[in-house]
1. Considering only segment 49-61, how many residues are touching a strand residue (DSSP E or B) at 6+ places or on another chain (Cβ under 9 Å), without any contact (Cβ under 8 Å) to a residue 40 or more places away in the chain and surrounded by fewer than 18 Cβ atoms within 10 Å (Cβ to Cβ)?
2. Tell me the residue from Ala116, Ala132, Ala138 that is aliphatic (A, V, I, L, M), under 25 Å from Gly10 (Cβ atoms) and at pLDDT below 95, please.
3. Search segment 89-121 for residues being among the polar types (S, T, N, Q) and not in a helix (DSSP H, G or I), and hand back the single one that is surrounded by the fewest Cβ atoms within 10 Å (Cβ to Cβ).
4. Mind listing whichever residues of segment 27-74 are touching a helix residue (DSSP H, G or I) at 6+ places or on another chain (Cβ under 7 Å), farther than 26 Å from Ala124 by Cβ and assigned to a helix (DSSP H, G or I)?
5. Restricting attention to segment 9-24, report how many residues are surrounded by 11 or more Cβ atoms within 10 Å (Cβ to Cβ) and farther than 18 Å from Ser51 by Cβ.
Amino acid sequence: MRPDDEDAYGFRPLTRADLPLLARWLAEPHVARWWGERDRELESIASHIDSIAVEPFIIELDGKPVGYIQSYDPYLEEGDNPFDDQPFGTLGIDQFIGEPSLVGFGHGPRLITQFAQMMFEEGAPRLIVDPAPTNSRAIRAYEKAGFRPLGPRNTPDGEALLMVLDAEDD
């Protein structure tokens, strides 16, 4: 299903009732390839429901859940911060489209753009993403949403391409 000009994405807070749906999505090959072992990821996401460092959301399209997105404050992450050179107030985002039938039709850049606008309206000066350098689909989606690459970074999850979008770029 291709997005059209009328598509509006909703972002509602993740609840424990959403965890079985997330478990299904995390097992989908197009998600599992980049997000890792399902049970470990699900436990991590569940821990974010009451977190102050990470804000997890379900992405909705026409009122139906279609994916997951989270914003996080890299300065509140435990351990080494590979993004500590970013301006104070910077937020990171991670996301996936869970429904396989919606992948590859342009939903990613559009929902990322809409979510970024929401984060900027809440006061974030910059957003960062850190896809794997081999995740060309994600990199293209982020570029279409206006992110620009800053270069490689070593993160706790391995090598990543740091990409940024500034509020004034929006």
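1. Quick first cut of segment 49-61, residues touching a strand residue (DSSP E or B) at 6+ places or on another chain (Cβ under 9 Å) only: 49, 51, 53-61.
Imposing the further condition that a residue be without any contact (Cβ under 8 Å) to a residue 40 or more places away in the chain reduces the set to 49, 51, 53-54.
Still in the list and also surrounded by fewer than 18 Cβ atoms within 10 Å (Cβ to Cβ): 49, 51, 53.
Residues flagged as touching a strand residue (DSSP E or B) at 6+ places or on another chain (Cβ under 9 Å), without any contact (Cβ under 8 Å) to a residue 40 or more places away in the chain and surrounded by fewer than 18 Cβ atoms within 10 Å (Cβ to Cβ) within segment 49-61 amount to 3.
2. Working: Ala116 fails: at pLDDT below 95; Ala132 fails: under 25 Å from Gly10 (Cβ atoms).
Checking each option against the conditions leaves just Ala138.
3. Here is the first cut: in segment 89-121, the ones among the polar types (S, T, N, Q) are 90, 95, 101, 113-114, 117.
The next check asks that each one be not in a helix (DSSP H, G or I); those that pass are 90, 95.
Numbers: Thr90: 19, Gln95: 21.
Per the stated criteria, the residue is Thr90.
4. If the condition is that a residue be touching a helix residue (DSSP H, G or I) at 6+ places or on another chain (Cβ under 7 Å), farther than 26 Å from Ala124 by Cβ and assigned to a helix (DSSP H, G or I), then Ala27, His30, Ala32, Arg38, Leu42 are the ones that fit.
5. Looking only at segment 9-24, we keep the residues that are surrounded by 11 or more Cβ atoms within 10 Å (Cβ to Cβ), and these are 9-12, 14, 18-19, 21-24.
Okay, now just the ones that are also farther than 18 Å from Ser51 by Cβ, so 9-10, 21, 23-24.
Result for segment 9-24: 5.
For (1) under 13 Å from the mean Cα position of the chain (by Cα); (2) touching a residue at least 12 places away in the same chain (Cβ under 8 Å), each residue gets a yes or a no:
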residue	(1), (2)
Pro125	no, yes
Ile128	yes, yes
Ala138	yes, yes
Lys144	no, yes
Leu150	no, yes
Glu168	no, no
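This table checks each residue for (1) within 14 Å of the chain's Cα centre (by Cα); (2) surrounded by 13 or more Cβ atoms within 10 Å (Cβ to Cβ); (3) modelled with pLDDT of 95 or more.
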| position | (1), (2), (3) |
| --- | --- |
| Asp7 | no, yes, no |
| Leu26 | yes, yes, yes |
| Ala32 | no, yes, no |
| Trp35 | yes, yes, no |
| Leu42 | no, yes, no |
| Ser47 | no, no, no |
| Gly63 | no, no, no |
| Val66 | yes, yes, yes |
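The values are calculated or read from the model by the stated rules, or taken from the named source; none is laboratory data. The model shown is predicted, which means the values in this text are computed figures rather than measured ones. Using ideal geometry, Cβ is built from the backbone for each residue, glycine included, and neighbour counts are taken over all protein chains shown.
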